[in-house]
Amino acid sequence: MSEIHIVRDYPHSPIKVWRAMTDPALIPYWTSTGKGARAVGFQPVVGTRFQFVAKPMPGWRGIVDCEVLEVRERELLRYTWVGAEGETPSHVLYQLAPTPEGTRFTYHHTGFTGIGGFAMAKILGSVRTRMLTVGVPALLAELDETGALRPDTTLRLPQPR
């Protein structure tokens, strides 16, 4: 079984990092460094079914179906991930831990099986690394201490698809 495991330290409070990762209005800002997915129907509440919606491409309908499995505010979010109809769900975990310098964010995606799963983990791992290394820091720099987007932000949302 393949998996994706990425750890990033951000010089920002867990409040800001949690908000960047879980506020549906903010998610497209950091996912825009990947395929620009919007979290449609997302709330960090156990049982919430939602979709990441992006531009379709050959071999992918542009939708990932998800369900929130576990939430601990500012600490943990765990949800299922189904990228293709009929696919066995894989699992995504966001873990936040305060550090003296800010927040350690861990992204863990497990449940990829077979050769197709190996390939998907490689592709998604590359995209997620870019999002967490480029997109998230750019967004965090534009948030105030409460995690709200500053009114004078220079960030622009990707155009709806």
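The values are calculated or read from the model by the stated rules, or taken from the named source; none is laboratory data. Quick caveat, the model's predicted, so the values are computed rather than measured. Positions of Cβ are backbone-derived with ideal geometry, glycine not excepted, and every protein chain shown enters the neighbour counts. Just so you know, the surface numbers come from the protein's heavy atoms only, side chains and all, with ligands and any DNA or RNA stripped out. Shrake-Rupley method; radii C 1.70, N 1.55, O 1.52, S 1.80 Å.
Just need a number here: residues in the stretch 62-79 that are in contact with a Leu (Cβ under 7 Å, 6 or more places away or on another chain) and either open to solvent by 20 Å² or more (accessible area, probe 1.4 Å) or modelled with pLDDT under 95 (or both). The total comes to 5. With respect to Ser126, determine if the residue is crowded, with 16+ Cβ neighbours inside 10 Å and over 17 Å from Lys16 (Cβ atoms). For Ser126, the condition - crowded, with 16+ Cβ neighbours inside 10 Å and over 17 Å from Lys16 (Cβ atoms) - is not met.
What do you reckon, is Ile115 in a helix (DSSP H, G or I) and farther than 20 Å from Thr31 by Cβ? Walk me through how you get there before you give the answer.
Details: in a helix (DSSP H, G or I): yes; farther than 20 Å from Thr31 by Cβ: yes.
In short, yes.
Among the residues of the stretch 41-52, is any part of a loop (DSSP other than H, G, I, E, B), surrounded by fewer than 16 Cβ atoms within 10 Å (Cβ to Cβ) and in contact with a Leu (Cβ under 8 Å, 6 or more places away or on another chain)? Among the residues of the stretch 41-52, at least one is part of a loop (DSSP other than H, G, I, E, B), surrounded by fewer than 16 Cβ atoms within 10 Å (Cβ to Cβ) and in contact with a Leu (Cβ under 8 Å, 6 or more places away or on another chain), which makes the answer yes. With respect to the conditions (1) touching a residue at least 12 places away in the same chain (Cβ under 8 Å); (2) not in a strand (DSSP E or B), Glu87 falls short on a single one, namely (1). Look at the stretch 19-38: where a residue is at positive phi and a partner is assigned to a helix (DSSP H, G or I), sitting 6+ places away or on another chain with Cβ atoms under 7 Å, you get Gly36/Pro28. Somewhere in the stretch 14-37, is a residue touching an Asp or Glu at 6+ places or on another chain (Cβ under 9 Å), aromatic (Phe, Trp, Tyr), open to solvent by less than 50 Å² (accessible area, probe 1.4 Å) and outside any helix (DSSP H, G or I)? No - not one qualifying residue is present in the stretch 14-37.
In the stretch 91-108, is there at least one residue being of a type in the set (Asp, Glu), part of a loop (DSSP other than H, G, I, E, B) and surrounded by fewer than 19 Cβ atoms within 10 Å (Cβ to Cβ)?
Yes, the stretch 91-108 has at least one match.
Taken over the stretch 1-13, residues that are crowded, with 19+ Cβ neighbours inside 10 Å and either under 14 Å from the mean Cα position of the chain (by Cα) or without any contact (Cβ under 8 Å) to a residue 60 or more places away in the chain (or both) amount to 1. The set of residues in the stretch 84-121 that are modelled with pLDDT under 90 and over 21 Å from Ile63 (Cβ atoms) comprises Gly114, Ile115, Phe118.
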